[in-house]
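The structure under discussion appears below in the form of structure tokens.
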Amino acid sequence: MAQYPLKFDKRLLDCENKWIAYPADSDGFYRFGFVYLDNFAGLTFKPMGLFKLENDSFKGKKINEQIARIYPSKDLVAIIPADKFDELDLVETPKWLSFFKNEAYIDRLFRLGYIHNQWEEYKKAINYLDKVYARDDRYPGLHTQIAIAEKRNGFTHLKAGYIRGYCDADKEMVSNLISARKIKQAENTYYTSLFDCPDELKKAEMAYIIAFQYYKTKDIEKFKKWDQEVNRWVLPFPDLYEKVNQMRLVFSN
């Protein structure tokens, strides 16, 4: 008998920079994609398609599906073996991954600490956070995450509601700074908010406000950068994506 090529024994937390597959649905299709770390948004799944297992071969098909944030769960997935990449038209390291690898290394350490707090792996979290502290003890959001890790016995899951109010304040500040034509300060406010604001919609709205300003001034290169920032976030409604797409079409004509 041919050996079954998939073993569903990995947590998503342990699958960074891996091609993975979820267990098959009732029709025998496996959903697959790539797991990567966005240093500001967290662990993320980029879906690529579906496949069926036929005579030990993977028969895949593409699907259009938005990226999804990975939150703590008990789900187990399988890492797709490298010898199956050709069957699914995959490469070991996607070209787009470089966009998420060009962040400062300290940002990655902080996000890993944050994520391990979410997954209730507090000892691993404090190891990452201690390294951040050694390099920058005023890193935004660091003290909150260290407090959570150090009080690990009293926490069952990460509660971010107490800092959610910062999101509205940051969005209002971005709007006010843009109105005052202080776009650089608006950008800095957005970047600061990435660490402490848990609301992805608010972060997308802030990025959209800045992108729209560059659209109005016809600064194509900077608009493209902030277009990427809007599309970084997973939104419950696609309104912002559609608005940015309309602006993008104007530049392409």
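Observations
- Using alpha-carbon coordinates, inclination of helix 122-135 to the longest axis of the chain, degrees: 40 degrees
- Label positions at Trp96 and Glu54, each projected 7 Å from the Cα along the C-beta direction, are separated by 2.7 nm.
- Region 22-110, Cα convex hull volume normalised per residue, Å³: 119 Å³
- Between helix 165-179 and the chain: long-axis angle, C-alpha atoms, 0 to 90°, nearest 10: 60 degrees
- Shape class for the chain: oblate, because the ratio a/c of the largest to smallest gyration tensor axis (alpha-carbon atoms, square roots of eigenvalues) is 1.5 or more and b/c is at least a/b.
- With every protein chain in place, the chain: carbon and sulfur % of accessible area (1.4 Å): 50 percent
- Think of a 1.4 Å ball rolled over the protein heavy atoms: region 35-88 then has 50 Å² of accessible area per residue.
- Legend: translational diffusion of region 1-68 by Stokes-Einstein, Rh = Kirkwood radius over C-alpha pairs, 10 °C, 1.306 mPa s; D = 122 µm²/s.
- With loop membership from DSSP and a limit of 16 other Cβ atoms within 10 Å, the longest segment of the chain without trypsin sites (Lys or Arg not before Pro) is 8-73.
- Rounded tilt (10° steps) of 183-196 against the dominant C-alpha axis of the chain: 50 degrees
The values are calculated or read from the model by the stated rules, or taken from the named source; none is laboratory data. Model, not experiment: these values are computed from the prediction. Heads up, the Cβs are rebuilt from the backbone with ideal geometry, glycines too, and the neighbour counts pull from every protein chain shown. Please note that ligands, DNA and RNA were not included when accessible areas were found on the heavy atoms of the full protein model with its side chains. Shrake-Rupley method; radii C 1.70, N 1.55, O 1.52, S 1.80 Å.
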